[in-house]
Amino acid sequence: MAIDFKESKTRVNLMKAFAGESQARNRYTIAAEEAKKQGLFSVNQIFLFTADQERAHAERFYNLLKNLSGTTIEIAGGYPIDHFESVVDLLKAAKHNEMEEADDVYQAFGNEAKEEGFIEAASTFFQIAEIEAIHGRRFGKLAELLEQNKYFEKEANGEWMCLNCGHIYTGKMVPQVCPVCRYERGYFIPAEIAPYLGYDFVS
Ligand SMILES: [Fe+2]
Ligand SMILES: [Fe+2]
(Lines give C-alpha, C1' and ligand atoms only; values in the text may rest on other atoms or scores of the structure.)
(Ligands and ions follow the chains in the order given, each with its own letter.)
Protein backbone atom coordinates (compact mmCIF):
# COMPACT_ATOMS: atom_id res chain seq x y z
CA MET A 1 0.00 0.00 0.00
CA ALA A 2 1.32 3.37 -0.97
CA ILE A 3 2.18 5.66 1.92
CA ASP A 4 0.71 9.15 1.99
CA PHE A 5 3.64 11.60 1.99
CA LYS A 6 1.86 13.72 4.63
CA GLU A 7 1.96 10.74 7.00
CA SER A 8 5.38 9.42 6.00
CA LYS A 9 8.58 8.99 7.96
CA THR A 10 10.32 10.33 4.85
CA ARG A 11 8.91 13.82 5.28
CA VAL A 12 10.22 13.85 8.88
CA ASN A 13 13.60 12.57 7.71
CA LEU A 14 13.75 15.23 5.00
CA MET A 15 13.07 17.91 7.62
CA LYS A 16 15.74 16.44 9.91
CA ALA A 17 18.16 16.48 6.99
CA PHE A 18 17.21 20.08 6.18
CA ALA A 19 17.88 21.02 9.84
CA GLY A 20 21.16 19.10 9.90
CA GLU A 21 22.44 20.61 6.67
CA SER A 22 21.42 24.12 7.74
CA GLN A 23 23.29 23.71 11.01
CA ALA A 24 26.34 22.20 9.31
CA ARG A 25 26.47 25.22 7.04
CA ASN A 26 26.44 27.59 10.00
CA ARG A 27 28.92 25.53 12.02
CA TYR A 28 31.32 25.64 9.07
CA THR A 29 31.02 29.39 8.58
CA ILE A 30 31.73 29.82 12.32
CA ALA A 31 34.66 27.37 12.14
CA ALA A 32 35.89 29.31 9.09
CA GLU A 33 36.10 32.47 11.19
CA GLU A 34 38.18 30.67 13.81
CA ALA A 35 40.57 29.32 11.14
CA LYS A 36 40.94 32.83 9.69
CA LYS A 37 41.69 34.29 13.14
CA GLN A 38 44.51 31.77 13.43
CA GLY A 39 45.95 32.69 10.02
CA LEU A 40 44.83 29.47 8.33
CA PHE A 41 43.25 31.19 5.36
CA SER A 42 43.15 28.08 3.21
CA VAL A 43 41.29 26.16 5.94
CA ASN A 44 38.94 29.15 6.19
CA GLN A 45 38.24 28.87 2.47
CA ILE A 46 37.78 25.10 2.62
CA PHE A 47 35.22 25.48 5.44
CA LEU A 48 33.38 28.16 3.42
CA PHE A 49 33.53 26.10 0.23
CA THR A 50 32.03 23.14 2.11
CA ALA A 51 29.45 25.37 3.84
CA ASP A 52 28.13 26.38 0.40
CA GLN A 53 27.76 22.72 -0.52
CA GLU A 54 25.81 22.09 2.71
CA ARG A 55 23.50 24.91 1.68
CA ALA A 56 22.95 23.16 -1.65
CA HIS A 57 22.10 19.93 0.20
CA ALA A 58 19.70 21.79 2.48
CA GLU A 59 18.00 23.32 -0.55
CA ARG A 60 17.64 19.95 -2.26
CA PHE A 61 15.98 18.40 0.82
CA TYR A 62 13.80 21.48 1.30
CA ASN A 63 12.65 21.30 -2.32
CA LEU A 64 11.54 17.71 -1.78
CA LEU A 65 9.17 19.03 0.93
CA LYS A 66 7.61 21.60 -1.40
CA ASN A 67 4.24 19.81 -1.60
CA LEU A 68 3.78 20.34 2.13
CA SER A 69 4.23 24.13 1.90
CA GLY A 70 2.19 25.94 4.54
CA THR A 71 2.40 23.09 7.05
CA THR A 72 4.82 22.44 9.91
CA ILE A 73 6.77 19.26 10.58
CA GLU A 74 7.88 18.47 14.09
CA ILE A 75 11.21 16.75 14.50
CA ALA A 76 13.29 15.50 17.40
CA GLY A 77 17.00 14.94 16.99
CA GLY A 78 20.42 15.40 18.48
CA TYR A 79 22.73 17.99 16.99
CA PRO A 80 26.38 18.49 17.94
CA ILE A 81 28.06 21.40 19.69
CA ASP A 82 31.56 21.67 18.30
CA HIS A 83 32.76 24.99 19.64
CA PHE A 84 36.47 24.31 19.74
CA GLU A 85 39.30 26.81 19.55
CA SER A 86 41.71 24.32 18.05
CA VAL A 87 41.32 24.15 14.29
CA VAL A 88 42.42 20.51 14.37
CA ASP A 89 39.55 19.76 16.80
CA LEU A 90 37.10 21.66 14.58
CA LEU A 91 38.23 19.61 11.58
CA LYS A 92 38.05 16.32 13.48
CA ALA A 93 34.55 17.09 14.74
CA ALA A 94 33.50 18.03 11.21
CA LYS A 95 34.95 14.78 9.90
CA HIS A 96 33.07 12.79 12.54
CA ASN A 97 29.75 14.47 11.69
CA GLU A 98 30.23 14.02 7.94
CA MET A 99 31.01 10.33 8.33
CA GLU A 100 28.02 9.80 10.60
CA GLU A 101 25.76 11.35 7.94
CA ALA A 102 27.41 9.38 5.15
CA ASP A 103 27.54 5.96 6.82
CA ASP A 104 24.56 5.91 9.18
CA VAL A 105 22.02 8.70 9.03
CA TYR A 106 21.49 9.13 5.28
CA GLN A 107 21.72 5.38 4.67
CA ALA A 108 18.89 4.84 7.19
CA PHE A 109 16.86 7.73 5.72
CA GLY A 110 17.45 6.44 2.19
CA ASN A 111 16.32 2.94 3.12
CA GLU A 112 13.17 4.23 4.83
CA ALA A 113 12.34 6.38 1.81
CA LYS A 114 12.78 3.34 -0.43
CA GLU A 115 10.53 1.22 1.80
CA GLU A 116 7.89 3.94 1.74
CA GLY A 117 8.12 4.21 -2.05
CA PHE A 118 9.68 7.68 -2.30
CA ILE A 119 12.37 6.87 -4.82
CA GLU A 120 13.52 10.43 -5.58
CA ALA A 121 14.01 11.15 -1.87
CA ALA A 122 15.78 7.80 -1.42
CA SER A 123 18.25 8.45 -4.23
CA THR A 124 18.87 11.99 -2.95
CA PHE A 125 19.77 10.65 0.50
CA PHE A 126 22.15 8.11 -1.06
CA GLN A 127 23.71 10.64 -3.46
CA ILE A 128 24.28 13.24 -0.76
CA ALA A 129 25.70 10.54 1.55
CA GLU A 130 28.46 10.02 -1.03
CA ILE A 131 29.27 13.73 -1.02
CA GLU A 132 29.40 13.79 2.78
CA ALA A 133 31.96 10.99 2.69
CA ILE A 134 34.14 13.19 0.45
CA HIS A 135 33.69 16.08 2.89
CA GLY A 136 34.67 13.76 5.72
CA ARG A 137 37.82 12.60 3.96
CA ARG A 138 38.77 16.20 3.11
CA PHE A 139 38.38 17.41 6.70
CA GLY A 140 40.19 14.32 7.97
CA LYS A 141 43.14 14.88 5.65
CA LEU A 142 43.40 18.53 6.70
CA ALA A 143 43.32 17.58 10.40
CA GLU A 144 45.98 14.95 9.85
CA LEU A 145 48.34 17.30 7.97
CA LEU A 146 47.97 20.05 10.57
CA GLU A 147 48.34 17.69 13.49
CA GLN A 148 51.48 16.09 12.08
CA ASN A 149 52.96 19.48 11.13
CA LYS A 150 52.92 18.49 7.47
CA TYR A 151 50.64 21.26 6.32
CA PHE A 152 53.40 23.78 5.61
CA GLU A 153 56.44 21.53 5.52
CA LYS A 154 57.46 18.12 4.21
CA GLU A 155 60.42 15.85 4.72
CA ALA A 156 60.89 15.48 0.95
CA ASN A 157 60.01 18.09 -1.67
CA GLY A 158 56.30 18.84 -1.90
CA GLU A 159 53.99 21.14 -3.80
CA TRP A 160 51.61 23.79 -2.52
CA MET A 161 49.22 26.15 -4.25
CA CYS A 162 48.54 29.70 -3.11
CA LEU A 163 44.75 29.97 -3.08
CA ASN A 164 44.98 33.71 -3.62
CA CYS A 165 47.04 33.89 -6.81
CA GLY A 166 47.42 30.25 -7.89
CA HIS A 167 51.21 30.16 -7.60
CA ILE A 168 52.54 26.62 -7.19
CA TYR A 169 55.46 26.42 -4.81
CA THR A 170 57.81 23.44 -4.85
CA GLY A 171 60.11 22.78 -1.93
CA LYS A 172 60.26 21.41 1.59
CA MET A 173 58.66 24.34 3.36
CA VAL A 174 56.35 27.09 2.14
CA PRO A 175 57.81 30.58 2.53
CA GLN A 176 56.32 33.03 5.05
CA VAL A 177 54.69 34.95 2.19
CA CYS A 178 53.74 33.87 -1.32
CA PRO A 179 56.64 34.92 -3.61
CA VAL A 180 54.16 36.13 -6.24
CA CYS A 181 51.24 37.87 -4.51
CA ARG A 182 52.95 38.38 -1.12
CA TYR A 183 49.94 37.01 0.75
CA GLU A 184 50.68 35.15 4.01
CA ARG A 185 51.68 31.48 3.90
CA GLY A 186 48.29 30.56 5.35
CA TYR A 187 46.88 30.90 1.82
CA PHE A 188 48.86 27.89 0.62
CA ILE A 189 47.22 24.48 0.43
CA PRO A 190 49.26 21.28 0.20
CA ALA A 191 48.93 19.27 -3.02
CA GLU A 192 47.11 16.42 -1.20
CA ILE A 193 44.14 18.70 -0.55
CA ALA A 194 43.81 20.19 -4.04
CA PRO A 195 41.94 17.26 -5.65
CA TYR A 196 39.24 17.45 -2.95
CA LEU A 197 38.66 21.06 -3.98
CA GLY A 198 38.59 20.33 -7.68
CA TYR A 199 41.83 22.20 -8.36
CA ASP A 200 44.09 20.99 -11.12
CA PHE A 201 47.51 20.85 -9.55
CA VAL A 202 49.43 20.08 -12.70
CA SER A 203 51.67 23.06 -13.38
FE1 LIG B 1 25.51 18.14 3.47
FE1 LIG C 1 29.07 17.70 4.31
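The values are calculated or read from the model by the stated rules, or taken from the named source; none is laboratory data. All figures in this text were calculated on a predicted structure; none of them were measured in a lab. Note that each Cβ is placed from the backbone with ideal geometry, even for glycine, and that neighbours are counted across all protein chains shown. Calculation scope for accessible area: heavy atoms of the full protein, side chains included, ligands and nucleic acids excluded. Shrake-Rupley method; radii C 1.70, N 1.55, O 1.52, S 1.80 Å.
Here are a few things to note about the model shown:
- Listed residues ARG182, ARG11, ARG137, most fluctuating in the chain (Gaussian network, C-alpha, under 10 Å): ARG182
- Among ILE193, ILE81, ILE119: highest mean-square fluctuation, GNM of the chain, C-alpha pairs under 10 Å: ILE81
- Rounded accessible area of HIS83 (nearest 10 Å², 1.4 Å probe): 150 Å²
- Sequence-distant contacts, meaning Cα pairs under 8 Å at least 6 residues apart, place the relative contact order of the range 5-147 at 28 percent.
- Lysine pairs in the range 1-160 with Cα atoms under 12 Å, if 8 or more residues apart or on separate chains: 5
- In this structure, ASP89 and LYS114 have a Cβ-Cβ separation that, at R0 = 35 Å, corresponds to a calculated FRET efficiency of about 0.45.
- Ordering TYR169, TYR79 by accessible surface, largest first, gives TYR79, TYR169; the 1.4 Å probe counts only protein heavy atoms, with every chain in place.
- Accessible area per residue was computed with a 1.4 Å probe on protein heavy atoms; PHE18 scores about 50 Å².
- Accessible area of the range 153-197 belonging to carbon and sulfur atoms, whole % at 1.4 Å probe: 49 percent
- By accessible area with a 1.4 Å probe, ligands and nucleic acids excluded, highest first: order of TYR187, TYR199, TYR151: TYR199, TYR187, TYR151
- Summarised in one figure, the compactness ratio Rg/Rh of the range 40-186, Cα atoms and Kirkwood Rh, is 1.09.
- Solvent-accessible surface of the chain, averaged per residue with a 1.4 angstrom probe and all protein chains in place: 54 square angstrom.
- Overall form of the range 153-197 per C-alpha gyration tensor (a/c, 1.5; a/b vs b/c): oblate
- Share of carbon and sulfur in the accessible heavy-atom surface of the range 1-127 [1.4 Å probe, %]: 51 percent
- The C-alpha radius of gyration of the range 1-115, expressed as a fraction of 2.2 N^0.38 Å, stands at 1.20.
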